[in-house]
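What follows is a set of notes on a single structure, which appears directly below.
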Amino acid sequence: MPKPPVWFWQCIVTPHMAILADALAGQGTPVVYVASERMSAERGQQGWAAPSLKTAQLTIAHDETAVQALVQSAPANSIHLCQGLRGNGLVAVAQQHLRVRGLRLWVIMETVDDAGRFGILKRLIYRWLFWRWRNALEGVLTIGADTPDWVVARGMPHSKVFPFAYFLCEPDRQELQSIWDVLADTRPYRFIFVGNLIERKRVDRLISAIASLNRPDVDLLVVGCGPEEVSLKAQASELLPGQVQWLGRKTMSEIPEVMAQADCLVLPSRHDGWGAVVSEALMVGTPAICSDACGSSVVVSSSGRGAVFPAGDDVALTDALRKQVDAGRVSIQSRQELAQWATCLGALTGADYLKRILVSEMDGAIRPTPPWNT
């Protein structure tokens, strides 16, 4: 019997989802990836680049007419994985037409930031949305540590909710080993931050926490740019003179090599739906520290390395940093072991996990365990 084709509906050709689609197609499942555009201007400015799909079929649908025509062309047994359930432009148009046709419909969603005065409203909106779509949705792929419970609390049956992640391209092991082999034994302990320099990322808290360690043998690499850059550089000059290197924007292809030279990645965000830089760090053998408001905290905990601290708790952040420094620089053996474990976050593993989810829901098979928990 032919395998049901899987369709991905996304706003852009995101590296974090297109790689999974290509891996799934490479394992023999027919895959169509539909996007409204190849890349948004905002993501392009951040160093993102749309990957080339080698085995999945890529289709760009610029308007509602094109979306409707694609939905009508989809086979009756096709499975459709849609980005989000709220405010996603042409993806929402596709969902409406998919619902009318009665096709197998799934939603992929990250952790929702429901803090602050609008949090109650967001929770009410999503409760209404899940009630409205309760009969049309076959399941929800929930990305982030707390997202499964959050979705269930909004009224989605637990049986239809599956923990998920952004699965990435695995790094070349030989290239990694060559990077590790030349790391100088005499260099300082090195933390790294990768991301936009915006308030939500709380890089100012990271700089203050490192300064409070009072360790001149510790430095910080900062990869990224943004509106907070000037104030952060001024803060670093005052608190950590000569201990912070500002590398500016790097392309996605350049970042793994930089990460592999650090001893620990830190993501102290107030909120991150996932935080793919955490996965990238683990996959190159670099431990990670992140706040519990980052969706990827679930894989940090499972990795057995680094730490997860309560978001906004500066004392806990400082303690986590101090423990990492006191433990010493990361050995090559430790990097090898962590990188090996982190293959569970690779696209090939993710594609296999996705197939088992879809089969379990269709055939009533046993729910698969997330690969980071096996």
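The residue among A320, C264, S36 whose Cα reaches farthest toward the positive pole of the charge dipole of the chain, with charges on the beta-carbon of Lys, Arg, Asp and Glu, is S36.
Computed from label points 7 Å out along Cα-Cβ, the spacing between Q245 and M362 is 5.0 nm.
For region 131-231, the relative contact order comes to 23 percent (Cα pairs under 8 Å, sequence separation of at least 6). Charge dipole (Cα centre; +1 on Lys/Arg Cβ, -1 on Asp/Glu Cβ; no other charges) of region 1-113 amounts to roughly 360 debye.
The length gained on full extension between K323 and F118, counted as 0.36 nm times the residue separation minus their Cα-Cα distance, comes to 70.2 nm. Y166 sits with roughly 40 Å² accessible to a 1.4 Å probe, with DNA, RNA and ligands left out of the calculation. For E42, neighbours were defined as the other residues whose beta-carbon sits under 15 Å from its Cβ, and their charges (Lys and Arg +1, Asp and Glu -1) total +3.
Residue-normalised convex hull volume from the C-alpha trace of region 144-241: 170 Å³ per residue. With the Kirkwood sum run over all distinct C-alpha pairs, region 108-194 has a hydrodynamic radius of 16.4 Å. Look at where the Cα atoms of region 43-109 and of region 173-241 average out, and the two centres are 38 Å apart. Only Lys, Arg, Asp and Glu carry charge here, each on its Cβ (+1 for the first two, -1 for the last two); on that basis the chain has a dipole of about 1120 debye about its Cα centre. Straight-line reach from K201: taking Cα to Cα under 16 Å and skipping same-chain neighbours fewer than 8 places apart, the aspartates and glutamates in range are D113, E228, E229, D272, D292, D313, D314. Of the trypsin sites (Lys or Arg not before Pro) found in region 134-176, those in coil by DSSP whose Cβ has at most 14 other Cβ atoms within 10 Å are R134.
The distance separating the Cα centre of region 125-168 from that of region 300-374 comes to 21 Å.
If r is the Cβ-Cβ distance from R187 to S237 and R0 is 22 Å, what FRET efficiency results, to the nearest 0.05? Walk me through the intermediate numbers first.
On the way: r = 21 Å, r/R0 = 0.97.
Between R187 and S237 the formula returns 0.55.
Over 28 Å between Cα atoms: which of K122/K160; K3/K54; K54/K122 fall into that group? Beyond 28 Å: K54/K122.
Can you tell me how region 171-329 classifies by the Cα gyration tensor, rounded, prolate or oblate, using a/c under 1.5 as the rounded cut? Could you put the intermediate results ahead of the total?
Values: a/c = 1.27, a/b = 1.15, b/c = 1.10.
It is rounded, given that a/c, with a ≥ b ≥ c, falls under 1.5.
How high is the relative contact order of region 77-174, in percent, counting Cα pairs under 8 Å that sit 6 or more residues apart? It rounds to 25 percent for region 77-174.
Within 10 Å of each candidate Cβ there may be at most 10 other Cβ atoms; applying that plus a DSSP loop requirement, which GluC sites (Glu not before Pro) in region 274-374 survive?
Working: sites: E280, E337, E361; in loops: none.
Of the GluC sites (Glu not before Pro), not one in the loops of region 274-374 has a Cβ with at most 10 other Cβ atoms within 10 Å.
Binning the C-alpha pair distances of region 19-166 at 5 Å intervals from 0 yields a P(r) profile of 2, 9, 16, 20, 21, 17, 12, 4, 1, 0 %, listed from the shortest bin outward.
Dividing the summed -39500 (n - 2.57) terms of all DSSP H runs of n ≥ 4 by the residue count of the chain sets its mean residue ellipticity at 222 nm at -12000 deg cm²/dmol.
Is the shape of the chain best called rounded, prolate or oblate, per the rule: a/c under 1.5 gives rounded, else a/b larger than b/c gives prolate, else oblate, with a ≥ b ≥ c the square roots of the Cα gyration tensor eigenvalues? Mind showing how you got there, number by number?
Details: a/c = 1.92, a/b = 1.69, b/c = 1.13.
Cα axes put the chain in the prolate bin.
Across the chain, C-alpha contacts under 8 Å between residues 6 or more apart give a mean separation that, scaled by the residue count, equals a relative contact order of 15 percent.
Would you mind counting up the charge near L90? Only other residues with Cβ under 13 Å from its Cβ, with Lys and Arg at +1 and Asp and Glu at -1. If you can, show how the numbers build up before the last one.
Working: positive: none; negative: E37, D63, E64.
Summing Lys and Arg as +1 and Asp and Glu as -1 gives -3.
What's the local net charge at A25, with K and R +1, D and E -1, over the other residues with C-beta under 12 Å away? Working shown, then result.
Numbers: positive: K3, K54, K355; negative: D22.
Residues close to A25 contribute a combined charge of +2.
The values are calculated or read from the model by the stated rules, or taken from the named source; none is laboratory data. Keep in mind the model is a prediction, meaning the values are calculated, not measured. As a convention, Cβ positions derive from the backbone with ideal geometry for all residues, glycine included, and neighbour counts pool all protein chains shown. The protein model used for the area step is the full one, side chains on, heavy atoms only, and it has no ligands, DNA or RNA in it. Shrake-Rupley method; radii C 1.70, N 1.55, O 1.52, S 1.80 Å.
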